[in-house]
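Engineer: First, the structure itself, so that you have it in front of you.
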Amino acid sequence: MATSAPGSRWLRGFLVTAAALSLIAAPTPASASATVKGIDVSDSQPTVNWQDAKANGVAFAYIKATEGADYRSPLFGSQHAGASNAGLIRGAYHFARPDQSSGAAQAEHLLANGGNWIPGGMTLPPALDVEPNPDGPPCYGLSQQSMDGWIRDFSDTVHSRIGRYPVIYTTTKWWQRCTGNTAFFGDINPLWISQYAPTVGSLPSGWISHSFWQHSDHGAVPGNQNLWNGDLASLTRFADG
């Protein structure tokens with residue numbers, strides 16, 4: 001077996017350097033340095049003053065582009081353009097509906113409707129929002145093994161198309177219940193943890209740190225409130241890939 005440089009690891013048969021690993025997840029736990037603010041919005045926020053968001057210290061935004069097998073947010077185009085014109089680092093997210101179609105099919109749906117990633121430091125990798133089913137059983141009727149496979153299918157499809165693994169948005173409770181707390185994704189997918197509390201709390205298995213923290217559903221500007229786990233320079237590097 002080939003040896004690795006200090007800080008390198010083998011992931012899926014590929015040697016990954018310490019520098020590359022630093023882009024998988026922010027290198028330190030939440031602290032006073034995690035002050036880079038962001039928001040995430042959907043068609044539930046029809047009016048966002050993006051220049052005002054910028055003036056209030058918002059540096060990045062995730063915008064809902066798609067959901068399930070065929071839904072496309074009618075506001076994605078205008079919201080993405082508004083964030084772009086305000087100079088925010090921005091990305092698209094997909095609300096997973098594993099009960100509707102395969103992970104690969106929903107990944108393709110996202111990528112065809114705003115989920116592409118462009119290097120340059122201004123586009124975030126697309127995000128997969130996996131959380132309780134709003135219309136039925138929390139795990140969408142899937143076993144833990146099937147849910148794990150569905151998420152892998154989505155993640156691998158995104159990576160094969162754009163060369164970046166998607167960010168995974170979830171809660172620790174849902175992840176434990178619906179995936180069996182699989183540790184598989186911690187080495188390859190950045191984590192966007194949702195926890196409305198003073199601290200991030202425990203993370204799903206496999207992740208030693210988070211990249212984004214959704215800490216509130218309201219704030220000075222519309223949308224859910226988030227923090228990047230690092231400084232603006234590290235966020236720009238993360239966006240650049």
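The values are calculated or read from the model by the stated rules, or taken from the named source; none is laboratory data. From a predicted model like this one, the values you see are computed outputs, not experimental measurements. As a convention, Cβ positions derive from the backbone with ideal geometry for all residues, glycine included, and neighbour counts pool all protein chains shown.
Engineer: Considering only residues that are within 22 Å of H210 (Cβ to Cβ) and either aliphatic (A, V, I, L, M) or in a loop (DSSP other than H, G, I, E, B) (or both), which ones fall in the range 124-135?
Structural biologist: Once the filter is applied, which keeps residues that are within 22 Å of H210 (Cβ to Cβ) and either aliphatic (A, V, I, L, M) or in a loop (DSSP other than H, G, I, E, B) (or both), the range 124-135 yields L124, P125, P126, A127, L128, V130, E131, P132.
Engineer: For A86, work out the one condition from (1) small (G, A, S); (2) closer than 26 Å to R237 by Cα; (3) surrounded by 19 or more Cβ atoms within 10 Å (Cβ to Cβ) it doesn't fulfil.
Structural biologist: (3)
Engineer: Which residues, taken from the range 219-238, are among the hydrophobic types (A, V, I, L, M, F, W, C) and either farther than 16 Å from A53 by Cβ or part of a loop (DSSP other than H, G, I, E, B) (or both)?
Structural biologist: The answer is A220, V221, A233, F238.
Engineer: With the structure loaded, tell me whether G219 is in contact (Cβ under 8 Å) with a residue 60 or more places away in the chain and out of contact with any Leu (no Cβ under 9 Å at 6 or more places or on another chain) or whether it fails that test.
Structural biologist: yes
Engineer: If we keep just the residues of the range 177-213 that are of a type in the set (A, V, I, L, M) and over 14 Å from the mean Cα position of the chain (by Cα), which is surrounded by the fewest Cβ atoms within 10 Å (Cβ to Cβ)?
Structural biologist: Only one residue fits best here, namely A197.
Engineer: Tell me, which residue of the range 149-176 that is charged (D, E, K, R) and closer than 28 Å to D217 by Cβ is surrounded by the fewest Cβ atoms within 10 Å (Cβ to Cβ)?
Structural biologist: K173
Engineer: Another one. Taking P138 as the residue in question, decide whether it is in a loop (DSSP other than H, G, I, E, B) and in contact with a Cys (Cβ under 7 Å, 6 or more places away or on another chain).
Structural biologist: yes
Engineer: Of everything in the range 127-146, what is touching a Ser or Thr at 6+ places or on another chain (Cβ under 6 Å) and buried (at least 17 other Cβ atoms within 10 Å of the Cβ)? Give them in sequence order.
Structural biologist: V130
Engineer: Among the residues of the range 217-232, is any under 12 Å from T35 (Cα atoms), buried (at least 21 other Cβ atoms within 10 Å of the Cβ), touching a helix residue (DSSP H, G or I) at 6+ places or on another chain (Cβ under 9 Å) and hydrophobic (A, V, I, L, M, F, W, C)?
Structural biologist: Scanning the range 217-232, I find at least one residue that is under 12 Å from T35 (Cα atoms), buried (at least 21 other Cβ atoms within 10 Å of the Cβ), touching a helix residue (DSSP H, G or I) at 6+ places or on another chain (Cβ under 9 Å) and hydrophobic (A, V, I, L, M, F, W, C), so the answer is yes.
Engineer: Here is a follow-up. Looking at (1) at pLDDT below 95; (2) part of a helix (DSSP H, G or I); (3) charged (D, E, K, R), find the lone condition where R177 falls short.
Structural biologist: (1)
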